[in-house]
Structure formats: structure tokens, C-alpha cells
Amino acid sequence: MDEEHTASHIVPFEHPFVEHYPDGLENYFHHPDEEFNEDVHHHNHTGRPHEDILHHHHHHTLPWWADGTNWTISSDEESEPPTDYDKLESTDRPRPQSHATCFSVIGLLVLALLGGGVALLIFLLPPYPDSSHGLHIETKTEYVEGSMDNITCSLQLANPTSTVELIFIDSENKTRNSTTFVVNEEVISSDAKCTNLTYFVYQFKAIKELNGSIAKCSLVDDLSGETMESDGSPINVITGIVNAQPMVTEFLVKDIFYSKSNHSFSCRATFDDNANGTIEIQICSEKSYKPITDDPAFALKETTDEDFPGMCTSPKSVVYNFNLTQASNGTRLRCMATDHNRNISATTECLPLVLQPPVQIKLEPKDQIAFLGALAEMFCNANVSTFEWKVIHLDYRNSLFSQRFVSVYNNGTIHTFASMIESVIIQKDNIVNISYVININDANVCTLDGEYSCNIEFLDDAIQTSVHSGNLTVKAIVKMSPTVLHTRLDSTTDLMCSIYYRGYAWSSINIAQQNKSGSFLLLNVSSNGNVKSKTTRINGSVTKDDDYINVTVSFDVSPGSGVCELNQTYSCDIQLIDSSIGTIAANSILILEIPVTDVQIHLQPEYQYGLSDWINCTANTIDKYTPMFLEVCVNESTFIPLENATNSTYFDIVSMPKNENCSVQKMLSHTVVVDSKMNVSVRCRVYDDYFKTSFISDCVSPNISPASVQVILEPKSQERFFGSTAEMFCHANASIFQWKVIHLDFQNSSSLPQRLISVYYDETKQGLENMINATLLRKDVIVNISYVFNISEIATVCFLEGKYFCVLELLDDSVQTTSDSGTLTIHVQPMVTEFFLQDPYYSESNHSFSCKATFNDNTNVSLEIQQCNENSYKTLTDDSDFALIETLDNEIAGNCTHQISIVYSFNFTTASNGTLLRCLAVDNTLKLNATVECLRLVLQRPVFVEMTPMTLYARLGNTSELTCSVYYRGYAWSTVNILQQNTSGSVLLLNVSKDGEVESKNARINGSVTISEDYINVTVSFDISPGSGVCELNQTYSCDIQLLDTSISTTAANSTLILESKCTLPLQFESMISLIFV
């Protein structure tokens, strides 16, 4: 049996101080092999902190000690790896107190030279030693003392059966021991030479004694005994603090679970020995994960805590069981290891749970009956999918024994253990189908009657299968002739029972009568030839040979008591000594040919025109199968079926027994639609099949009353509001009458009757289809039309309110119709149609707003604007900042509505910015109101600019300042500009952008800015030292702001700078003054 495939997802140990390095420790070690040999794969399944998914990474960056930015020089001259503290920005950590800047620079230069030399040496090293066997070692630059870490050996051989070992050699060429063991082995199919690249990942403890030793990978060839070694790699053990991070080292989930296999999976992880660590297996969905115990199909089997003395780590493992029938096939699982002290986790990738249910096999047909001398065929079929099957067996059993009949093998070999069976493989791949043909003869009949079963075996015993069975029953043949025996009174009639018994031993043959009370034995024939009758009207005789037994049954059909009871079904059966041989009884029917009598037609006293009613025909017949017909009497010699001449339907036939003459009374009923076609005479005809003649009744005419169709409109009265829909229906029981069109008419107090819409039988429409949606729900017999009015336009209110009429027109004008009416009343609820507030209002804009509403006509209404305050409202006129300036009330002619509008003004200076307002319309008659949501009154007040002082007196040799304060109210702005006003115009000297940058256009002017939510304060500093350009400072300066919304007004501010000294001195005096200041 093949071993079940197991997917091992094993994660090697990784040193815990990796967390001190950004993006993992491997980013800070240089691997020359990776640089020169891109074909070599380095697989590092790493359980990252904070629930990162395990992944492969191949980085090529310098080690931390080769990067000068990671170095510091302290008083104790100790160099340590960078920590999270070292990765802080310079503004986030204290400055070192004992660092000497000069020595730091010198130290960095020296270390940079050393790092460059090491990098050059690494660059010049060959990627691998010139080794024919392809054995290589991969190590890190340094290891932390006391930690558990990894060394990888890679081996490239065609058949990697040899064992690779890790050894350490000290400076005296002595092999030193360390605790080492393989934690992961991965085989990768390599090049076209069919070699295999195998990785051996060793976990070892970095002890101090290993510092300076050489690590090598070594193996002894199993065939030649030759020892092979890789190049040596120096081991550098440094002193550090070890905090092992959680790491999933093993997550075992089989590729496929079968019903017979072990239904469990496990996960193993390592933690720091002082950690509060837990392992959890989770169910993966698209974007979330949940504990596996949330699914009742899974259960925790065991939890194991291990202890490795001296290794500073604590392994844990969990094992889960699952129910194969309850678990969902394809469920994706992952393992998560969590260190609760450090709040970090490691997870694996999500793996699918693949479940293989038992393979189903079927035997078909499930049950079958075969006769002596015939063939029986059955099939075994199974959907084996991609599984390789070995053999399929056909087994047999009965009450006495069981036996294997046939074994069919996958290679086509067939072992038959019963000569009467022939087997053929019809299909053998994916869907297996095998045919078995069984020859049933006298010699094997006892060994074939029983249960058959199909059973399949697979090469993989773990694949569970089902066994399916069926039954084969072998019977002897019995026949009776004729199958239907017709006879008449005053005659003697015979039936023949012929049994093909093949010479089997038998005890009796029985002739029985089958009637509604059950089965009754009438005649018995014993194996010695004796015939015994149970009634005087039946006798019999028997003849037999080696194969057949013939029994003749004679019936006395003379008039008298008991003759009617002969009109029944009779059966013949044989009792064999060997009860395992089945038999089938045969049947025959005896029919007495009694003539038809008393044929009559039955009509209702009166038929209502347009309605449905009955016409019946009755007669006394020999049985209920005698044909009966209702016919229209066209003339004395012409008659046609009633259903062909009228709208009638055959309904039912009822039979009642009349024992005095061995007949039954049979009644034929027809449903007829009473219309003009019924103005005829009808008769009843019965055909006697035994005597080959018809018996008829007289022709009679029905009494038909006049016709009328009633029309109903519903509902009689309804009220609707504007904006809703109204629906009414026209009903009419048109019965059999063909109608032409139904009209919907309208009239109100101010208009004459008018036709709104007409619906025709062919479902075409004519009229106001854009206003009225007319739907013909039913059009035959019962007519039903729906009319839906969409009251969505004010202009239609008056037009739709009034009285409606349904009018039906029929094709037959002689049929009377009625009409019906109903009323529709429409109300217009108050509606706020317009509420306008400008957004925003400026100081120069129109300071007003308005509201407009529509109301029902002739009602008591009001319209007002209110202030909103949380859940309460007050009239706007209660606030003195607002005033009602206009009210208009207009009647909308022809719409049965009127419209009111109001206008309010407000004081822009004193009104509260952000006041919430709403409009309220009230109809006191209808007790309805309408409102709108509260809108905000937004006032955009202007921006003010102020400069202080207004006059600035300055002296040579000083620095003077002006302040520009901008009350910008938080508006979006782009720049604040400081300009100089002189005789030539306006010149930009200083620019402040919205991000706080200050740009000066003059060397003698600088500035700074502070910004709050409401104010921008710009300080302008003037350099009034003697020299060129100082006199030009003696001017007026302006300050202004540029807003993004140009509609908001701003006011600029001015200030004048006055120099309190003369700027008209001769050039030599100005130079002297400059020297004095210097």
C-alpha cells in the first residue's frame, strides 16, 4: 500500500534578536553565494512577529556594521547591534553625553575603510568551492551567545540517500561538539540531469566555545565510503541578550484524508522559555480568521509542553481531530503561535483540508425477475475518479450459502467461478462499468435466485468503498387463454390454463376468482390428476406431458342464481415442491354479453342564457366500459356530437350495478354553455359493442331564458391625496358572450360626461393613456380591468376629481348590459414647494430669503418661517434681527389649489451666523402640515487687516518691526503680501504662503508668521543699518491677504516708516558714518 502524502510545512528556528533589525536580520548579512549564484535557492520560512504570513525573502543588503549610520562611539568603546532605540529620529531621543565629535569622525573613517576591505574580500571570494559533489554551507556573519540559530547545508546529488552532518573544527583542528539536529529537510527537483538539490537546515546552540571555529557540512557516501566536506565557514559568537520570538516550526496537514485514515493534524511552535505562549489553529476565510473550535466538526485531542534544558526555548504542540462526515471539504487552516507577554505572533500560510469520501459502487438493476430458459443481465458501475482500482467482485448469496461468482481485474483478467455467467468490461477509466449476462436453465435455477452484490478494491487500501446489492428472482411461466372471454346467457364457455413447468415436482394447480372482496379458490387440480370444484357453475379437466400442464375450465352461463357472479377476473397458478423456484400467475376476464336497455336523456327544466349547466344521459349496460354519446339532432338522418355543435365539455361517467339482469346503470354528464348554439334538440346514444348496434333516446329541446350581463365598478367611493395613486376596477361576468370594448367615462360638477379611456378585447387602448394606466387582468368569461391614476401633477387635481362610469359593449347586441359608477375625491395636502436661502450671504448681497407653499383650495391654512433649536421651534418674528416684508396669496386657476409665499429680511451685522431656519405650511381643515429640513443661514463677513504701529519711527543702526494682524476667520487663503507704496507705485517686498513660508524680496526686510484658527500675525523686520538702500525704507507699507474665495471682501491696512535721520548726507560723510557704526 502506498504511503499517504503528507505536506510538511516546517519553519526553522530564527534568532530572536532579529527583531532589533528592520526587515529581519538577514537583510544585514551579506551572502556572497547569493550575489554570484542566482540559481541557488535560499528558502527561509520565517514566522514573523505581529501575525505576518510565512514567506520567502531574498535580500541583498549590507550588514549593519558596514553602514556608518548605525555606528556610535561611546566612552566604554563597546559596539552593539542597533536597537529600536537607535532607530528613533534624532529629535526623538536624547543626545549622547560622552561622545567626542572629532573621534567619532575618525572612528567612522577607520571603520568605513575596514568595512570596505571586508566587502571587497567577500566580493572576491568564489561563490562555491570547486567541488564535484555540490556540498555547500550557508552561515551568518555572527551569532548571539546562548541563542538557538540555523546553519544550512545544501547537497546536489542524483539520489540523496547519504546523511549530511554539521561539524565544528577549532584552531587546533579538533572537532568540537554542539547540540545540533535537523529541523527541516527540503528536496527540490533541479536541472535536466535529474539531480536533486536538498537543503538540510540545522538548529544549534551558539555557545562561547564555538567562537572562532570553522563550520563544515560533511557526509559519508553509502556506496563508496568516501568522506566529502564543504568549504569551511568561520563562526563568530558575540555577546547579546536573547529573547526568542514565537515561531511555528511544524504544521502537518495531510494532502488528502480518506475515510479510513487518521483524521488528525498537528502544529508545533517554539517560544522564549519565559514567555506566556499559546498555539491556536484557525479557520481562514477571505478576510478574517476564527478559532477552529467554533466548528463542531473539530476537537482538540492533546496539548504538549516540552522542555529543552539549556536551550532557552520552550516548544509546544497541539493535535486536533475532526469528523470526516461533518467537516467541510476544502476548509482552509492556519497555525498561529502567540507570545502574550510581548504581544507578538507568528503564523503559517493557510492550508486546505482535502477530504475524500467513500467511492460509491452500484449494481443495476436493483431488482429484476427472469424466467426459466431466458437470459438476465446486470451491471456493476463505479465513479472511481483518478483512483487506481485493482479488482471488482460480483458475489452471490441466498438463504443456504454464499459464493463469489466473478472477479474482474483492472488489467482485463477475468476469473469466473460460475460457468453460466459471461462478463465484459464496458468502461474502465474514471467511470468503471462491467456487464454480467446470466444464462438461466434447469440445472442452475436454484443457484441463481438470490442476492447479488458488487464490491471494488483499490490499490490504496485507505480509499473506502461501499457495497451495493440487488436481487434476481427466477420464475416459472403460466398462461391463460383467451385473456378476455366473451359469453352470452344460455351457453357453456371454456378457459385454458397452460403451465410450462419443465417437469418440476408440483403439488397443485389453483383456479381462483378475483373480485372486489378478494381472491376465492374455485377449482383445484392435484398432481395425481384429481379435479375438485368449489361451485356448480364451474368444472374442469387436466392433461399433462413432460413440459406442460393444461387445465380446461368450463363455465355454466345458463340463466339463474349465480350467473351474474361469473362476470369476473380469474387467475391460474401452480404450487411447486421446490419453493425456491418462483412462479407467476396468469389472469383472464370473463364478460357476459348483456344487451343495452333503458336509454334516456335528462335536461334541466330551464337553462339561463350565458351560464353553464348540465345535460345527462343514462342507460343499463353490461359494464361501465360501454360507449355513450350525447348528440345534436340536425334532422331525422343527421346527428353530430354535442361537443362539436355547442360549447360543451365532457364531464363524467358514473356506473351503478343492477344485479337483477347482470347489468349496470351508466350515466354520462356534459357541461354546456347556454348560448345561441343551444337552440337545438339533443339525444342520447349508446353503442352495444357485443351486439354491434346502437340504442338511442328521443330528440328533445332545452328551455332557454333571456341573457343579461351585469357590470360593476369598485370601489364605489374613495379619497386620495395629491402625490398618491388611485385604483379602480371594472368587473363583468361576460360568460360566453364575446365582448368588444369597455369604456371608462368621467363627469364632475363643472363638466359634461367625457370618455377617458377605452380597452378593447385585443388589449389595444385608446384615450388618456399617459394619465391612466389601464391593465386587462382577465378577459374571458369573467372580465376584470384595473385603472391606476397617478395624481402627481397639480394641473390634474380638478380634472380627476368626480364620478366615473364603466360601460361594456358586446358583439351580440341582443344581450342586455348594465353600467355602474363610483366617485373619486382628491385632496391636496400642504406642500412647501420652495425654500430659498443664499449660501452664503455677503455684506454686499441681498439680505433676504423666502418660502412658497401650495394648499388645498377653500381651506384654512397658514405659512411661516421658524428658527430651529434642537427639538423645538419658534416663530422667526420673535427675533428682532428678522422682519416679514412680503406675503402673497394666489389662487391657481383650474387646479383646485392656491399658493402662498412669504419673504423675510435680516440684519447682516447683528444676525447670528449659522442660525437654523425651516419653513412650515399648515392646513387646519385637513389637519395636515408640511415642512422642510432646517437650513443654515451662512454669513460670510469680511476679513479685516490691521498694521501696528500706524507710524513707525526708526533710527539708523537699529532694527525696527511692524506687525500685520489679519482676522481671516479661518477662510481658505493663499498668501499675505507686504507691499511698499512709493511714488513709482506698489512694490511687493514680503510674501507669506499658506504653509508658513516667508519670502523676502529685499535684503533689508525679513519677516516671521504665526497662524491660529482666526488670526494670521506677520512680523516685518527692517534692517536700518547705514548703507545702500536704507533711505528707500522711508516709505508707506501696506498689508493684504489673498483668499481662495474671491467673493469674500478684504480690507488692506497701511503703516508708515519714518527714519529719524537725514538720508541726504554727502557720499563721504555716509561712508564715515558707516565706519563709525562698524
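The values are calculated or read from the model by the stated rules, or taken from the named source; none is laboratory data. What you are looking at is a predicted structure, and each value in this text was computed from that prediction instead of being measured. Quick reminder, even Gly has a Cβ in these numbers, built from the backbone with ideal geometry, and neighbours come from all protein chains shown.
So the values come out like this:
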{"quantity": "The range 886-908, subset among the aliphatic types (A, V, I, L, M), without any contact (Cβ under 8 Å) to a residue 60 or more places away in the chain and part of a strand (DSSP E or B), residue farthest from SER750 (Cα to Cα)", "calculated": "VAL903"}
{"quantity": "Residue among ILE431, ILE440 that alone is of a type outside the set (Asp, Glu), in contact (Cβ under 8 Å) with a residue 24 or more places away in the chain and buried (at least 17 other Cβ atoms within 10 Å of the Cβ)", "calculated": "ILE440"}
{"quantity": "Filter pass, ALA512 being out of contact with any helix residue (DSSP H, G or I) (no Cβ under 6 Å at 6 or more places or on another chain), within 30 Å of LYS390 (Cβ to Cβ) and hydrophobic (A, V, I, L, M, F, W, C)", "calculated": "no"}
{"quantity": "The range 1012-1057 - residue that is of a type in the set (A, V, I, L, M) and closer than 13 Å to GLN980 by Cα and, of those, surrounded by the fewest Cβ atoms within 10 Å (Cβ to Cβ)", "calculated": "ALA1052"}
{"quantity": "Boolean, ILE1058 is modelled with pLDDT of 90 or more and among the β-branched types (Val, Ile, Thr)", "calculated": "yes"}
{"quantity": "Qualifying positions in the range 517-541 - outside any strand (DSSP E or B) and surrounded by 13 or more Cβ atoms within 10 Å (Cβ to Cβ)", "calculated": "SER527, LYS534, THR535, ARG537"}
{"quantity": "Counted residues, the range 986-1027 - those being part of a strand (DSSP E or B), of a type outside the set (Asp, Glu) and in contact (Cβ under 8 Å) with a residue 40 or more places away in the chain", "calculated": "10"}
{"quantity": "Members of the range 542-566 found to be assigned to a loop (DSSP other than H, G, I, E, B), of a type outside the set (Ser, Thr, Tyr) and over 23 Å from ILE584 (Cβ atoms), listed by number", "calculated": "VAL557, PRO559, GLY560, GLY562, VAL563"}
{"quantity": "In the range 733-783, the residues that are part of a loop (DSSP other than H, G, I, E, B), closer than 20 Å to LEU811 by Cα and not β-branched (Val, Ile, Thr)", "calculated": "PHE737, GLN738, TYR761, ASP762, GLU763, LYS779, ASP780"}
{"quantity": "ASP1023 under 30 Å from TYR842 (Cα atoms) and acidic (Asp, Glu)", "calculated": "no"}
{"quantity": "Failed item, numbered, when ASP573 is tested on (1) part of a strand (DSSP E or B); (2) more than 30 Å from ASN398 (Cβ to Cβ)", "calculated": "(2)"}
{"quantity": "Lone unmet requirement of (1) surrounded by 14 or more Cβ atoms within 10 Å (Cβ to Cβ); (2) assigned to a loop (DSSP other than H, G, I, E, B) for GLU286", "calculated": "(1)"}
{"quantity": "Test: residue in the range 343-353 that is in contact with a Ser or Thr (Cβ under 9 Å, 6 or more places away or on another chain), assigned to a loop (DSSP other than H, G, I, E, B) and not small (Gly, Ala, Ser)", "calculated": "no"}
{"quantity": "Yes/no for ASN890 being under 18 Å from LYS927 (Cβ atoms), surrounded by fewer than 16 Cβ atoms within 10 Å (Cβ to Cβ) and of a type outside the set (Asp, Glu)", "calculated": "no"}
{"quantity": "Sole exception among (1) under 59 Å from the mean Cα position of the chain (by Cα); (2) more than 20 Å from LEU824 (Cβ to Cβ); (3) assigned to a strand (DSSP E or B) for CYS730, by number", "calculated": "(2)"}
{"quantity": "Enumeration of residues in the range 363-388 that are among the aliphatic types (A, V, I, L, M) and part of a strand (DSSP E or B)", "calculated": "LEU363, ILE369, ALA370, LEU375, ALA376, MET378, ALA382"}
{"quantity": "Residue that is nearest to PHE271 (Cα to Cα) [pool: residues in the range 295-342 that are part of a strand (DSSP E or B) and of a type in the set (A, V, I, L, M)]", "calculated": "ALA337"}
{"quantity": "Those residues of the range 863-880 which are part of a loop (DSSP other than H, G, I, E, B) and of a type in the set (Asp, Glu), in sequence order", "calculated": "GLU870, ASP879"}
{"quantity": "Options SER786, SER708; residue that is within 45 Å of the chain's Cα centre (by Cα) and of a type in the set (Gly, Ala, Ser)", "calculated": "SER786"}
{"quantity": "Any hit, the range 864-872, residues being of a type in the set (A, V, I, L, M, F, W, C) and within 26 Å of TYR842 (Cα to Cα)", "calculated": "yes"}
{"quantity": "Conditions (1) modelled with pLDDT under 90; (2) among the polar types (S, T, N, Q); (3) within 30 Å of THR270 (Cβ to Cβ); number of the one not met by THR348", "calculated": "(1)"}
{"quantity": "Filter result for LYS254 (in the same structural domain as GLU349 (by TED's automatic domain parsing), free of Cβ contacts under 8 Å to residues at least 24 places away in the same chain and basic (Lys, Arg))", "calculated": "no"}
{"quantity": "Scan of the range 794-844 for residues that are part of a loop (DSSP other than H, G, I, E, B) and crowded, with 19+ Cβ neighbours inside 10 Å, ordered by number", "calculated": "GLU801, VAL815, VAL828, PRO830"}
{"quantity": "Inter-residue pairs, beta-carbon under 6 Å, first under 14 Å from ASN211 (Cα atoms) and in the range 221-236, second of a type in the set (S, T, N, Q), 6+ apart", "calculated": "SER233/THR139; ILE235/SER213"}
{"quantity": "Strands (runs of 3 or more DSSP E) wholly inside the range 389-438 that include at least 2 residues being of a type in the set (D, E, K, R)", "calculated": "389-397"}
{"quantity": "Qualifying residues in the range 892-914 (those that are over 30 Å from ARG941 (Cα atoms) and touching a Ser or Thr at 6+ places or on another chain (Cβ under 8 Å)) - the one modelled with the highest pLDDT", "calculated": "ILE900"}
{"quantity": "From ALA911, ALA883, residue being of a type in the set (Gly, Ala, Ser), closer than 29 Å to SER1049 by Cα and assigned to a loop (DSSP other than H, G, I, E, B)", "calculated": "ALA911"}
